[in-house]
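Right, one structure below, let's go through it.
None of the figures in this text is laboratory data; all of them are computed from the coordinates on show. What you see is a predicted model, and the numbers here were worked out from it, not measured in a lab. Heads up, the Cβs are rebuilt from the backbone with ideal geometry, glycines too, and the neighbour counts pull from every protein chain shown.
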Amino acid sequence: TLFLDRIDAANPALNAFITVDREGALAAAHAADERIAAGRAGPLTGIPLAHKDVFCTEGVLTTCGSKMLGNFVSPYDAHVVTLLKNAGAVGLGKTNMDEFAMGSSNENSHFGPARNPWDTARIPGGSSGGSAVAVAARLAPIATGTDTGGSVRQPAAMTGVTGIKPTYGVCSRYGMVAYASSLDQAGAFGASAADCAALLTAMAGFDERDSTSLERPAEDYARDLDKPLTGLRIGLPKEFFGPGMADDVRAAVDAALAEYRKLGATTVEVSLPNAKLAIPAYYVIAPAEASSNLSRFDGVRYGHRAAEYGDLADMYQKSRAQGFGAEVKRRILVGTYVLSHGYYDAYYLKAQKLRRLIAQDFQAAFQHCDVIAGPTSPTTAWAIGEKSEDPVQMYLSDIYTIAVNLAGLPGLSHPAGFGAGDLPVGLQLIGDYFAEGRLLNAAHRFQ
Ligand code: GLN
């Protein structure tokens, strides 16, 4: 009950959890005790964890941060949830998030923003803000998240914890409410790289119910944690170190890189010439996929249905008008526009071509280095309300994370000291496909 009691005490101020599953957690903890007594414990047996509210959990509310799913109790578990249950982890509840994972600050949640434990007047980052807050405030030792354009790495940076998004296809998307399917990937939050490694090891694995799930042998992501960093070549993309990065973030990132050199790594300048096109490409591709994915919320089968309506079309319209928030509607509109006849070639097809160029840039860079490093976010956590009226400012805050999703690469953010006002700064490490072990190794040696 230690963590449940901590949640009871801290959640009113932090709003990290949308649902606390006290009964389920106690039952699972009991079952874990029996497993341990019987000598059948696994690495996560009895370890409490929190799930982002985007993962379907059987019998427990799954809202995705939306009024649309405000009453939705899933009849099944997401694959990731099943794997973690099988590993003996104890689910504490479901964490706050931007509605349908669309956002960078958690302010788009129907349930109000989660708050940054370092300064509760500030955002915790998003969209997986609640999970990051839960780990940062020690309301849960580990938590799941999802990362479509930075939603694990950016809130990890803002709250001073470690977060990893694996290579696209490593974790099954089955039962993860879809935002932009070609970019969505589950990820892990922990207070350390070692905790993330243990969580990711249990979350990863082939699942035939997700057609993009990769069939690969199981991997122990903790295997290489202690390997020395001697000779590790860290690439520094010159585009990531230009103007745009706040001075305090730059100072913390530079200090972290100096520390890596002390640990035996070398740094080399690399270039990602098309990285600046990542945001425009993303804000065509992600809304396009979202507009298609979110068409399922029609008020017929599950989710919110308007109380009063005329004919069927009117029911769809009213249910969707009432169920979705402003940012979700904006993205559906952009998505249907870029996919519509006459505009498809001009926007969607162009964005797909940019996506390929961005992926090729990374491959060229990895000819000269083993991992790429830079800031996770151009600034530390901003004040609640500061950017919420300006979507473009909000979108620009993901400048360093989005290219990684477009390329499908693994990325990690680990704490790299503090900026002005004692707010955490994150360092992002990007690896080639399936280099999760190497990213975790570097972060672990650093810590
Ligand atoms: N902030 C980005 C967006 O709003 C990324 C979100 C995410 O990774 N889920 O789409």
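So the values come out like this:
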read-out: Relative contact order, percent, the range 2-203 [alpha-carbon distance under 8 Å, six or more residues apart]; value: 22 percent
read-out: Ranking of Lys94, Lys67 by count of other Cβ atoms within 10 Å, fewest first; value: Lys67, Lys94
read-out: Cα→Cβ-extended label distance, 7 Å offset, between Arg138 and Tyr343, nm; value: 5.0 nm
read-out: Under 5 Å, built H, 5+ apart or other chain: amide partners of Ile384; value: Arg122, Ile123
read-out: Among Thr62, Thr167, Thr82, residue whose mean-square fluctuation peaks in a GNM of the chain (springs only between Cα atoms under 10 Å); value: Thr82
read-out: Ser182, Ser397 arranged by Cβ crowding within 10 Å, fewest neighbours leading; value: Ser182, Ser397
read-out: In the range 145-209, the chymotrypsin sites (Phe, Trp or Tyr not before Pro) that fall in loop regions by DSSP, at most 12 other Cβ within 10 Å; value: none
read-out: Ranked packing of 419-431, 341-353, most packed first, by mean Cβ within 10 Å; value: 419-431, 341-353
read-out: Gaussian network model of the chain, springs between alpha carbon atoms under 10 Å - residue of Val20, Val371, Val392 with greatest fluctuation; value: Val392
read-out: 3J(HN,Hα) from dihedral phi, the range 402-407, Karplus parametrisation 6.51/-1.76/1.60, rounded to Hz, x for glycine, proline; value: 5, 4, 4, 5, 4, 8
read-out: For His304, His79, order by how many other beta-carbon atoms lie within 10 Å, fewest first; value: His304, His79
read-out: Label-point separation, Lys353 to Arg40 (7 Å along Cα→Cβ), nm; value: 5.8 nm
read-out: Long-range lysine pairs (8 or more apart or interchain), the chain, Cα under 22 Å; value: 21
read-out: Global form of the range 2-203, assessed from the alpha-carbon gyration tensor, a/c cut-off 1.5; value: rounded
read-out: Label-point separation in nm, Glu259 to Lys227, each point 7 Å along Cα→Cβ; value: 2.1 nm
